[in-house]
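Student: Can you read through this structure? Questions will come right after.
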Amino acid sequence: MSLLIKNGTIVTASDIYNGDIYIEKGKISEIGLEISKEADEIVDVKGKYVIPGGVDVHTHFNLDVGIAIANDDFYTGTLAAACGGTTTIVDHMGFGPKGCNLKHQVDIYHKYAEDNAVIDYSFHGVIQHINQDILEEMKSIVEDEGISSFKAYLTYDYKIDDEDMVKIFKRLRELGGITTVHCENHGSIKYLKDKYVKEGLKSSIYHYLSRPEESEGEAVNRMINIAKISGNSPLYIVHLSTKLGLDYIKMARERGQKIYAETCPQYLILDKEKYELDNNEGLKYIMSPPLRERHNCNELWKGINEGYIQTVATDHCPFSFSKDKQLGKDDFTKCPNGAPGVEERIPLIFSEGVMKGNISINKFVEVCSTNPAKIFGLYPKKGTIQVGSDGDLVVIDPNKEVILTKDKLHSNVDYTAYEGIKVKGYPIITISNGEIIYNEGKFKGKKGRGRFIKRNRANLI
Ligand code: URP
Ligand code: ZN
Ligand code: ZN
């Protein structure tokens, strides 16, 4: 099977030029001006951008949080991703039964994804507890399973304490892996939640008020210092939402620490006003960390531009508004946390970022595709356009305007957090391993065509 993409404006993290791309047996085999070879399929994309397929390193498909299950599985979730210009996802595995080993969840997630995913995928390991067995087992998860990153949570049911964080940082550094951390200070959040509930203050805005900016700032700063104490280990901070956290990251990177930060479209584009919407609509935005005051959005864009934030992922975690989110209608603490966004990421960051002049088109590719691939050991197979890389490409029409509404999107959930937002520039073709799987508004791929990718060690930038 061969595919020739003609006359595109090819964009990578470092370059922009006009050219043709030839894909053979799923891989890019030639890039040049006016390639005239025969091909099974030829697509002319004059006037359009051709970017490396999006790499979203933070999704939660099939996530079971006890009170609800995320509405997307690996079929509907990856299909939505593909329709929005993402060709690889790295999913955060959910917690397993108390005391289970690391492989337990790996096996479960392979079953979830096999025969379902429509694009290539990997998983982040999840750490529920630490003991000698778990530390030993990390080696086989990194080296045999090809899962070179793990997430630790500082809040929720399986929060990890500082002593265990030292052990995790040290061990993963030794193995060439990377520790990703959900940074929120548990104790102060618990105190505020309990206080508000006792006072009968239980609407969505109290979710926001119980997780102040300092609860993220404290945890970010603590993890930075613990990573340093743990032999100057690399740390990847997921879903950064505040300027305060960003300030600590800047300080640490300027001191030469290997600190990486991810933010998400919701923290760049939306703000805490959403919690005060009528008809309990604030429930749609109950996520942790919460949306913030508007000035944080501007600071996060700046942080991307200045290179302190390396990736934009989604934290796609879809719970239905009509059913799941209603669990929190009388008490925000009962609402499942999370919001969808896997399909909206590329259009939103292109439109709000590139078209509105917040970031360059190269920076857009860097944070949505290249850096996530590098940090999580997928590069240069994924995340760039070069000979030998997988034939994962997305064509963006810079003139296509779309008003985002639920009915145009493909996630199995019943709302979009971005309803009514007008975007300029939209992915019109998605190519995965040399196969056009999305075109003319339609998904054309086969269920289960996606492959598990064994990841290499982190390529720390
Ligand atoms: O509210 C969120 N973000 N839910 C998903 C789990 C997580 O913390 O990433
Ligand atoms: Zn998290
Ligand atoms: Zn998450």
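Student: Mind putting a number on the dipole of the chain about its Cα centre? Charges go on the C-beta only, +1 for Lys and Arg and -1 for Asp and Glu, and I need it in Debye to the nearest 20.
Tutor: 440 debye
Student: Name the residue farthest towards the positive end of the dipole of the stretch 1-123 from the options 121, 63, 17, assuming +1 on Cβ of Lys and Arg, -1 on Cβ of Asp and Glu, about the Cα centre.
Tutor: So the residue furthest toward the plus end is 63.
Student: Restricting to DSSP H runs of at least four residues, report the calculated mean residue ellipticity at 222 nm for the chain, -39500 (n - 2.57) per run over all residues, nearest 500 deg cm²/dmol.
Tutor: So the calculated ellipticity at 222 nm is -8000 deg cm²/dmol.
Student: Could you sort the peptides 239-250, 26-37, 108-119 by per-residue average Cβ neighbour count (10 Å cutoff), highest mean leading?
Tutor: Result, highest mean first: 239-250, 108-119, 26-37.
Student: Which is farthest toward the positive dipole end of the chain among 275, 234, 54, measuring Cα position about the Cα centre, with Cβ charges +1 (Lys, Arg) and -1 (Asp, Glu)?
Tutor: Selected residue: 234.
Student: Now, a different point. When all alpha-carbon pairs of the stretch 345-461 are counted, what percent fall beyond 22 Å?
Tutor: For the stretch 345-461, the fraction of Cα-Cα distances above 22 Å is 43 percent.
Student: Ok, one more. Taking a probe of 1.4 Å, how large is the accessible area per residue of the stretch 53-375, in Å²?
Tutor: 33 Å²
Student: Report in % the part of the accessible area of the stretch 53-375 that belongs to carbon and sulfur, leaving out ligands and nucleic acids; probe 1.4 Å.
Tutor: Ligands and nucleic acids excluded, carbon and sulfur reach 47 percent.
Student: Roughly what angle does helix 186-198 make with the longest principal axis of the chain, taking Cα atoms, 0 to 90 degrees, to the nearest 10?
Tutor: Approximately 70 degrees, to the nearest 10.
Student: Roughly how many Å is it from the Cα centre of the stretch 339-366 to that of the stretch 247-322, as a whole number?
Tutor: 14 Å
Student: For a quick protection proxy, order the peptides 313-320, 158-165 by their average other-Cβ count within 10 Å, most packed first.
Tutor: Going by the mean number of other Cβ atoms within 10 Å, highest first, we get 313-320, 158-165.
Student: With each pseudo-label sitting 7 Å past Cα toward Cβ, what's the residue 444-residue 323 distance in nm, one decimal?
Tutor: Result for the modelled spin labels: 3.4 nm.
Student: Taking the simple approach of a point 7 Å from Cα along Cα-to-Cβ for both residue 302 and residue 194, what is their distance in nm?
Tutor: Once both label points are built, they end up 3.8 nm from each other.
Student: Explain nothing, just the number: dipole magnitude of the stretch 113-204 about its Cα centre with +1 on each Lys and Arg Cβ and -1 on each Asp and Glu Cβ, in debye rounded to the nearest 20.
Tutor: Result for the stretch 113-204 is approximately 720 debye, rounded to the nearest 20.
Student: Mind giving me the FRET efficiency for residue 44 and residue 454? R0 is 35 Å, r the Cβ-Cβ distance, nearest 0.05 is fine.
Tutor: 0.45
Student: Follow-up question, since we're still on this one. Order of 79-92, 355-368 by packing, highest average Cβ count within 10 Å first?
Tutor: The peptides rank, most packed first, as 79-92, 355-368.
Student: Right, next: How would you classify the chain from its alpha-carbon gyration tensor, with a ≥ b ≥ c the square roots of the eigenvalues: rounded for a/c under 1.5, else prolate if a/b is greater than b/c, otherwise oblate?
Tutor: Prolate, since a/c reaches 1.5 and a/b exceeds b/c.
Student: Principal axis extents for the stretch 250-313, Cα atoms only, whole Å, descending order, please.
Tutor: 48, 18, 17
Student: Could you tell me which of 77, 112, 154 has its Cα farthest along the dipole of the stretch 53-375 towards the positive end, charges placed at Cβ (Lys, Arg +1; Asp, Glu -1), taken about the Cα centre?
Tutor: 154
Student: I'm a student and want to see the number: the projected area of the Cα convex hull of the stretch 219-371, averaged over all directions, in nm².
Tutor: For the Cα atoms of the stretch 219-371, the hull's average projected area reads 9.6 nm².
Student: Okay, moving on. Mind checking the dipole of the stretch 306-456: about its Cα centre, +1 per Lys or Arg Cβ, -1 per Asp or Glu Cβ, Debye to the nearest 20?
Tutor: With only Lys, Arg, Asp and Glu charged at Cβ, the dipole is about 520 debye.
Student: Using a simple spin-label model with points 7 Å from Cα along the Cα→Cβ vector, what separation in nm is obtained for residue 331 and residue 277?
Tutor: 2.5 nm
The values are calculated or read from the model by the stated rules, or taken from the named source; none is laboratory data. Computed from a predicted model, the values in this text were never measured in an experiment. Backbone-built Cβ (ideal geometry, glycine too); neighbour counts: all protein chains shown. For accessibility, only protein heavy atoms count, side chains too; no ligands or nucleic acids. Shrake-Rupley method; radii C 1.70, N 1.55, O 1.52, S 1.80 Å.
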